[in-house]
Amino acid sequence: MTGTEVLDTAVVGAGPYGLSVAAHAKARGTRTRVFGTPMRAWAEHMPLGMKLKSEPWASHLSDPRDQYTLKAYCELEGLPYAHGVPTPIETFVDYGRWFRQQTAPDLHETDVLRVDREGSVFALALADGSSVRARSVVLATGFLPFPRFPEALVGMQGPQVLHSSAVNDLSGFAGKRVTVVGAGQAAIEIAVLLDDAGADVTLVARTGALEWNSLPGDLPVTLWERIRRPENGLGPGYYNKVLGSLPKLFRRMPGGYRMEVVRKTLGPEGSWWIRDRFEKSFDVEHVRTGTRITAARPEAGGLVLELSDGRELGTDHVIAATGFDVDVRKLTMLGEELRGQVRGMRGSDGPPVLGAGFNSSVPGLFVVGLASAATFGPSMRFVFGSEFAARTVAPRLPR
């Protein structure tokens with residue numbers, strides 16, 4: 001690959017959104033190439049042993065004919081696939097890689113280090129030393145650029161302070177004191193997996209009590225059941241149905257309202273299937289709800305955390321499972337001049353302002369996945385949203 005090659009579209013990121021967009025774009029005859037390691041964020045930035053919170057039927061990547069679904073992969077491999085049966089992360093990673101083999105065999109398995117604008121095209125510098133130019137770029141970078149830390153931990157460096165998106169193999173925490181911050185599924189599941197690995201774990205959460213998802217009911221079958229109790233990739237009920245099925249309508253709402261809805265919808269809750277494991281492993285002393293970290297200081301190779309309830313907590317590591325904060329300023333893959341041209345919903349910062357086709361304020365630059373949630377709704381936080389994104393973006397790409 002040389003700098004003289006000009007693609008129609010370069011897709012930056014080989015996760016569910018990037019692969020789905022590429023599958024739809026290539027089916028339309030565009031010269032599209034994906035850059036990145038297939039499913040790397042899922043394989044290397046999530047703890048081994050975790051399971052997807054989304055139902056299997058809401059976890060498909062998208063191709064134009066819906067041929068390469070999670071269901072099709074599980075049937076091919078003889079793996080469990082059913083409503084109410086959580087999908088192991090390892091199965092989902094293998095599925096994504098299989099999807100890539102069917103839809104994007106010419107993927108370039110290297111990272112994009114930098115994207116700049118050169119006249120009417122984009123120039124991409126790659127980690128393997130090569131470069132490529134493209135008429136359009138789709139950023140499908142997922143959650144990795146946007147980790148959010150509690151204010152008291154901002155600026156503190158690993159390995160003592162880590163975001164949940166930076167942990168994978170938990171066996172290295174055996175025998176260590178680990179404080180997990182958060183009240184959602186990521187925090188609860190990491191706490192359980194750390195306990196399984198032999199760590200001494202304490203969970204710290206601002207919420208007064210942990211919340212749990214209820215057991216999934218049977219999927220509605222008849223028309224009357226679907227009217228009474230609609231089901232959606234975001235969950236049951238009309239609220240989730242509207243948010244998940246009408247992203248075009250959601251985009252027309254005021255920006256401030258959209259950001260607030262995305263922030264509040266599907267707040268911190270643990271999955272029903274992990275509740276028993278958590279409650280058997282963690283007593284009152286190891287679950288500090290209704291409190292937060294107000295300060296942290298180094299001490300004897302570890303940290304002392306000052307809590308809002310007046311107590312102190314000694315720990316070797318802190319893992320912040322505190323979500324993500326989308327901000328255009330964190331898109332550091334974009335060259336400084338190009339990044340400065342991407343409008344945020346708060347002007348120079350905040351989530352990117354996107355048009356109806358996921359197009360940013362820079363002509364030819366598209367943004368999908370988590371970074372598009374403030375425009376198209378909370379379904380973009382999940383694999384479920386990849387179908388809408390792919391079917392919407394592909395027709396707008398050059399060819």
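Here is how the numbers come out for the structure above:
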read-out	value
Angle in degrees between helix 89-103 and the longest Cα principal axis of the chain, rounded to the nearest 10	0 degrees
Label point at MET156 placed 7 Å out along Cα→Cβ; residues across the stretch 297-329 whose backbone nitrogen lies under 14 Å	297-308, 312-322
Cβ-Cβ FRET estimate between GLU279 and ARG65, R0 fixed at 45 Å, reported to 0.05	0.50
1.4 Å probe accessible area per residue over the stretch 49-132, in Å²	47 Å²
Carbon + sulfur, % of accessible area of the stretch 203-254 - ligands and nucleic acids excluded, 1.4 Å	59 percent
Accessible area of LEU223 in the full protein assembly, 1.4 Å probe (Å², nearest 10)	110 Å²
Percent RCO, i.e. relative contact order, over the stretch 24-88, from Cα pairs under 8 Å lying at least 6 residues apart	35 percent
Chain lengthening between GLU299 and ALA82 when straightened (0.36 nm per residue, less Cα-Cα)	73.3 nm
Distance between the stretch 152-193 and the stretch 344-399 - C-alpha centres, whole angstrom	30 Å
Relative contact order, percent, the chain [alpha-carbon distance under 8 Å, six or more residues apart]	22 percent
Extension gain, ARG311 back to GLU211 (0.36 nm per residue minus Cα-Cα distance, nm)	33.6 nm
For mean projected area of the Cα convex hull in nm², calculated from these coordinates, the label among (i) 21.9; (ii) 20.4; (iii) 23.0	(ii)
Helix axis angle, 185-196 relative to the chain longest principal axis, alpha carbon, degrees	60 degrees
With every protein chain in place, the stretch 298-354: carbon and sulfur % of accessible area (1.4 Å)	45 percent
Nearest-0.05 FRET efficiency for ARG329 and VAL6, computed from C-beta distance (R0 30 Å)	0.55
Net length gained if the chain between TYR238 and HIS286 were fully extended (0.36 nm per residue, minus Cα distance)	13.6 nm
³J(HN,Hα) computed for each position of the stretch 328-342 - Karplus, 6.51 cos²θ - 1.76 cosθ + 1.60, integer Hz, glycine/proline x	4, 5, 8, 7, 5, 4, 6, x, 4, 5, 5, 4, x, 8, 8
From phi via Karplus (6.51, -1.76, 1.60), per-residue ³J(HN,Hα) for the stretch 244-258 in Hz, x at Gly/Pro	x, 9, 10, x, 5, 5, 4, 4, 7, 6, x, x, x, 5, 4
Solvent-accessible surface ranking, highest first, for LEU113, LEU370, LEU124 at 1.4 angstrom	LEU113, LEU370, LEU124
Inter-site label distance for ALA174 and LEU223 at 7 Å from Cα along Cβ, in nm	6.0 nm
Rel. contact order, % - alpha carbon contacts under 8 angstrom, at least six apart, the stretch 208-310	26 percent
Amide proton proximity set for LEU61, modelled H, under 5 Å, gap of 5+	LEU70
Highest average packing first - 342-349, 29-36, Cβ atoms within 10 Å	29-36, 342-349
Per-residue SASA entry for PHE388, accessible area with 1.4 Å probe, Å² rounded to 10	50 Å²
Sum of side-chain charges, VAL11 neighbourhood, beta-carbon under 12 Å (Lys, Arg +1; Asp, Glu -1)	+2
Distance-filtered residues of the stretch 362-395 - backbone nitrogen under 20 Å, label point 7 angstrom along GLU260 Cα→Cβ	373-379
For the stretch 377-385, Karplus couplings with θ = phi - 60° (6.51, -1.76, 1.60), whole Hz, Gly/Pro x	x, x, 4, 6, 7, 10, 4, 3, x
Percent carbon-and-sulfur accessible area, the stretch 68-143, ignoring ligands, DNA and RNA, probe 1.4 Å	47 percent
Residues of the stretch 152-262: accessible area per residue with a 1.4 Å probe, Å²	51 Å²
Nearest-0.05 FRET efficiency for TRP272 and ALA127, computed from C-beta distance (R0 25 Å)	0.05
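The values are calculated or read from the model by the stated rules, or taken from the named source; none is laboratory data. This one's a predicted model, so the numbers in the text were calculated from it and none came from an experiment. Note that each Cβ is placed from the backbone with ideal geometry, even for glycine, and that neighbours are counted across all protein chains shown. We work out accessible area using only protein heavy atoms, side chains counted, and drop any ligands, DNA or RNA first. Shrake-Rupley method; radii C 1.70, N 1.55, O 1.52, S 1.80 Å.
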